[in-house]
Amino acid sequence: METIAYLPGYLSPPSGFTTLAEKMAGYQAVHLETAPTPAEQLERWSQTLPDETHLVASFEAGLAAVRLAVEKRARSLVWFSPYARVDEALQARLRSLAWALEKGGVEGFVRIGAPLFFGSLMLERGEELVEAWRAGLDEAGLNKWISSLLDVGDERKWLRTLKEQPVMAVVGSEDVFTPMRYAHDVTEWIPELHGILVTLEGAGHFSFWENPREGISISRGFIERYREFLDGPAEWQVAEEEEAPPPLRFEPEAPK
């Protein structure tokens, strides 16, 4: 049985990729605990990530996933809301979040961050879900997250090492925090045309959690037929299920 390892970015909802893992029948799931900085994520996950897995990452966690994909001989990588460099525009958005966090704490961060992170549908109708996400945020962790990303610079060179791993970059059509061009960066730097870019309509930076139905469909199709993609573009995407996935949940799981 093949394994899928789930690598959530620091801002990911507490439920992580549980909804996706539940729909990936026939695969063993490994859920990795996140950390506030890419460096901490890389160090922690390099010790726990099994060899030869499929990787599913979100946000800045993809930076560690790219490097681990080569080290651990990963089979494929699905990267939601990807960015491999922090340019001046993204630095400006991060500094606005830092200012909001300094002046208003977590509440200030959410007030400024919500329009950057969520698409219009979530902002209009997902108030309870946004609030549940806010409840899981930690001021000290957010400070570390912002500071670490401001120091990231340009990490696109590591994408050149992905010679045996096909990559699917998934971006929300309404992502304001890291718009489409950051995902284009990722796919264009992957060798041998092994990168593909997919858009989730109506979603923002939290692309998978805002549009889980399509996120599940494209992830399953890509992972199930990843070998075909190594030989060139393939009819890899499966049809969507008639049954919608469980409702979006941000609350953490109960302690065991």
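Values for this structure:
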{"read-out": "Meets criteria (of a type in the set (S, T, N, Q), within 20 Å of E214 (Cα to Cα) and more than 12 Å from the chain's Cα centre (by Cα)) for S15", "value": "yes"}
{"read-out": "For E164: the one exception among (1) outside any helix (DSSP H, G or I); (2) at pLDDT 95 or above", "value": "(2)"}
{"read-out": "Test for L77: is it within 15 Å of T187 (Cβ to Cβ), under 17 Å from the mean Cα position of the chain (by Cα) and of a type outside the set (V, I, T)", "value": "yes"}
{"read-out": "L142 crowded, with 20+ Cβ neighbours inside 10 Å and closer than 22 Å to E40 by Cα", "value": "yes"}
{"read-out": "Filter pass, G62 being under 27 Å from R220 (Cβ atoms) and either outside the structural domain of I196 (by TED's automatic domain parsing) or touching a His at 6+ places or on another chain (Cβ under 7 Å) (or both)", "value": "no"}
{"read-out": "Which numbered condition A21 fails, given (1) among the small types (G, A, S); (2) under 19 Å from E210 (Cα atoms); (3) not assigned by TED's automatic domain parsing to the domain that holds T199", "value": "(3)"}
{"read-out": "Cβ-Cβ under 7 Å pairs, at least 6 apart or on other chains, region 20-36 side modelled with pLDDT of 95 or more, far side β-branched (V, I, T) and part of a loop (DSSP other than H, G, I, E, B)", "value": "V30/T53"}
{"read-out": "Number of positions in region 137-151 that are over 26 Å from M122 (Cβ atoms) and either part of a loop (DSSP other than H, G, I, E, B) or at pLDDT below 95 (or both)", "value": "1"}
{"read-out": "Per-region count, region 29-55, residues part of a helix (DSSP H, G or I), loosely packed, with under 13 Cβ neighbours inside 10 Å and charged (D, E, K, R)", "value": "1"}
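The values are calculated or read from the model by the stated rules, or taken from the named source; none is laboratory data. Fair warning: this is a prediction, and the values are worked out from it, not measured in the lab. A quick note on method: Cβ atoms are made from the backbone with ideal geometry, for glycine too, and the neighbour counts reach across all protein chains shown.
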